[in-house]
Amino acid sequence: MGGFFAAALKEEAVFDLFFGTDYHSHLGTRRAGMVVYGDAGFDRAIHNIENSPFRTKFEKDFHTMHGNLGIGCISDYEPQPLVVRSHHGTYAITTVGKINNIDALTEKIIQKGGSHFMEMRGGLINATELVAALINQKDNMIEGIQYAQDQIEGSMTMLILTPQGIYLARDKMGRTPLVIGRKESGFCASFEAFAYLNLGYEPYKELGPGEIDVMTPEGITVLAKPGEKMRICTFLWVYYGYPSSFYEGVTVEQMRYDCGKLLARRDQMSRDELDIVAGVPDSGTAHAVGYANESGIPFSRPFIKYTPTWPRSFMPTIQTQRNLIARMKLIPVHELIDGQRMLLIDDSIVRGTQLRETTEFLFHSGAKEVHVRPACPPLLFGCKYINFSRSNSEMELICRQVIREEEGEEVSREILDDYVNPDSDRYHRMLDRICQRMGFTSLRYNRLDDMLEAVGIDKDRLCTYCWDGRD
């Protein structure tokens, strides 16, 4: 995943760029960068932020960079933004998305001659560099952006900084957000809508799917109108989004309350069966509040997440280290655990490793029962669009592991669809096996229809691929 922020102001933009980018630190903690354009031309800074927060690494740059136009990003993968010199002139580019046909596109460009790519660690190609190379295949910037998005199998949203202004291009199906804020001195563009509020901006507009605008201190010009079809990622509300953010007018925190409420209504557990409802910090907490409010079962925080000096649990990249960090961050409150019949809500179960260890941790701390309720349906398909998980294969998903044990190596789409159906025998057998493997007292996932109802927008405008394989 990743996030971005851009500012185009009639005055210095570095202050807004610095703090606006920092507000995206929850979306990735491996690489970060800023590029500004001013009287001295382009000025870029990129740092590794795996072991230090964004503000610490960029504090010196904050005091030395100058310009009224700028873009910044938080990235989980490649170093960016990149500064590129081509027949379009010199520009800086940052991207968020996923390219599934990166090898084929790289080879296609190389075969045309005159291009080469720098290899990153592990022999990987910088996806942002490839996007720039695709843009440079066309005679003008707008055609280049549209050509890149047409060629990419996956999804790609991008910001492009030029001396004249900043191009804003949302991916073709609107799977990731791109919003604009406005204040007296100019405009900003952001992945997260909340990032500009404390910087004095007011909401101006959200770009539609495939829309391309150019942003200057004086205004916003639409260069390519939005398409009619949208598939924004539903997982943004369930997990990725910061609680105060909103997408397509729907606030993350409110969606999670409603999601928990509908989960409780479907579950129908009572105070005679449970003592407390708790959420796995942080993204499970709001779901748990919604569940508790609807069911009347008291909400409690039986463990506290220690965050002042820890990075997010999906960092570092080595899975065993990520699991260790996630476990070390949870501090138990034994008085709220000992002898309790608990219902525990997490945003999802991906591989299952962390939640299994959390459950063992609760039982070790004296819990009598641990009933688990993921806030979203079983994850059956690896995301093709936004890199929400670092799984190298769908077979790393615990649901697919269980299905393989049940069905063998070759599983037809028809059989997978049966596992998607919450009323099928296969679905219930899958849940029983996961529950047994994970050591839960009971396990029930949220239903897809209830989760989509909690979002509250047309389901045809939501991407649900990781749950039902629907593009």
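The values are calculated or read from the model by the stated rules, or taken from the named source; none is laboratory data. Keep in mind it's a predicted model, so treat the numbers as computed, not measured. Here the Cβ is made from the backbone with ideal geometry for all residues, glycine too, and neighbour counts use every protein chain on show.
Please go through the stretch 23-60 and pick out each residue that is basic (Lys, Arg), under 17 Å from Phe5 (Cα atoms) and over 24 Å from the mean Cα position of the chain (by Cα).
Arg44
Specify the residue that is modelled with the lowest pLDDT; the eligible residues are those in the stretch 1-45 that are in a loop (DSSP other than H, G, I, E, B) and more than 16 Å from Leu161 (Cα to Cα).
Thr29
Hey, among the residues in the stretch 120-153 that are among the small types (Gly, Ala, Ser) and surrounded by fewer than 19 Cβ atoms within 10 Å (Cβ to Cβ), which one's modelled with the lowest pLDDT?
Gly122
Please name all residue pairs, on different chains or six or more residues apart, with Cβ atoms under 8 Å, provided the first residue is in the stretch 72-85 and is farther than 14 Å from Ile49 by Cβ and outside the structural domain of His116 (by TED's automatic domain parsing) and the second residue is in a strand (DSSP E or B) and of a type in the set (Val, Ile, Thr).
none
Among the candidates Thr157, Thr106, single out the residue that is surrounded by fewer than 24 Cβ atoms within 10 Å (Cβ to Cβ), outside any loop (DSSP other than H, G, I, E, B) and of a type in the set (Val, Ile, Thr).
Thr106
So, of the residues in the stretch 354-387 that are among the aromatic types (Phe, Trp, Tyr) and farther than 16 Å from Leu344 by Cα, which turns out to be farthest from the chain's Cα centre (by Cα)?
Selected residue: Phe381.
Of the residues Val411, Val402, which single one is at pLDDT below 95 and among the β-branched types (Val, Ile, Thr)? Steps first, answer last, please.
Values: Val402 fails: at pLDDT below 95.
When all the criteria are applied, what remains is Val411.
Could you please give the count of residues in the stretch 219-253 that are touching a strand residue (DSSP E or B) at 6+ places or on another chain (Cβ under 8 Å), crowded, with 16+ Cβ neighbours inside 10 Å and of a type in the set (S, T, N, Q)?
2
Given the residues Leu130, Leu197, which is the only one that is at negative phi, among the aliphatic types (A, V, I, L, M), in a helix (DSSP H, G or I) and in contact with a Pro (Cβ under 9 Å, 6 or more places away or on another chain)?
Leu197
Kindly establish whether Asp450 is surrounded by fewer than 21 Cβ atoms within 10 Å (Cβ to Cβ), over 26 Å from the mean Cα position of the chain (by Cα) and under 19 Å from Arg266 (Cβ atoms).
Spelling it out, it is not the case that Asp450 is surrounded by fewer than 21 Cβ atoms within 10 Å (Cβ to Cβ), over 26 Å from the mean Cα position of the chain (by Cα) and under 19 Å from Arg266 (Cβ atoms).
Would a scan of the stretch 149-158 turn up a residue that is free of Cβ contacts under 8 Å to residues at least 40 places away in the same chain and either at positive phi or touching a strand residue (DSSP E or B) at 6+ places or on another chain (Cβ under 7 Å) (or both)? Spell out how you get there, then give the answer.
Step one: filter the stretch 149-158 for residues free of Cβ contacts under 8 Å to residues at least 40 places away in the same chain, giving 150.
Remaining after also requiring either at positive phi or touching a strand residue (DSSP E or B) at 6+ places or on another chain (Cβ under 7 Å) (or both): none.
Checking the stretch 149-158: not a single residue is free of Cβ contacts under 8 Å to residues at least 40 places away in the same chain and either at positive phi or touching a strand residue (DSSP E or B) at 6+ places or on another chain (Cβ under 7 Å) (or both).
Determine, yes or no, whether Arg400 is farther than 26 Å from Asp258 by Cα and either more than 20 Å from the chain's Cα centre (by Cα) or outside any helix (DSSP H, G or I) (or both).
Yes: the conditions hold for Arg400.
Anything in the stretch 69-79 that is under 15 Å from Ile166 (Cβ atoms) and in contact with a helix residue (DSSP H, G or I) (Cβ under 6 Å, 6 or more places away or on another chain)? List them, or say none.
Across the stretch 69-79, the qualifying residues are Gly70, Gly72.
List every residue pair whose Cβ atoms sit under 6 Å apart, with the two residues 6 or more apart in sequence or on different chains, where the first one lies in the stretch 269-282 and is more than 15 Å from Ala367 (Cβ to Cβ) and of a type outside the set (Phe, Trp, Tyr) and the second, anywhere, is modelled with pLDDT under 95 and surrounded by fewer than 19 Cβ atoms within 10 Å (Cβ to Cβ).
As it stands, the answer is Pro281/Lys305, since those pairs meet every condition given.
Test Asn68 against the criterion of being in contact with an Asp or Glu (Cβ under 7 Å, 6 or more places away or on another chain), modelled with pLDDT under 95 and in the same structural domain as Glu192 (by TED's automatic domain parsing), and give yes or no.
Here the answer is no, as Asn68 does not meet what is asked.
Being outside the structural domain of Ser348 (by TED's automatic domain parsing) and either among the small types (Gly, Ala, Ser) or surrounded by fewer than 24 Cβ atoms within 10 Å (Cβ to Cβ) (or both) narrows it down to one residue among Arg182, Arg175; which is it? Talk me through it step by step, then tell me what you get.
Working: Arg175 fails: either among the small types (Gly, Ala, Ser) or surrounded by fewer than 24 Cβ atoms within 10 Å (Cβ to Cβ) (or both).
That would be Arg182, the only listed residue that is outside the structural domain of Ser348 (by TED's automatic domain parsing) and either among the small types (Gly, Ala, Ser) or surrounded by fewer than 24 Cβ atoms within 10 Å (Cβ to Cβ) (or both).
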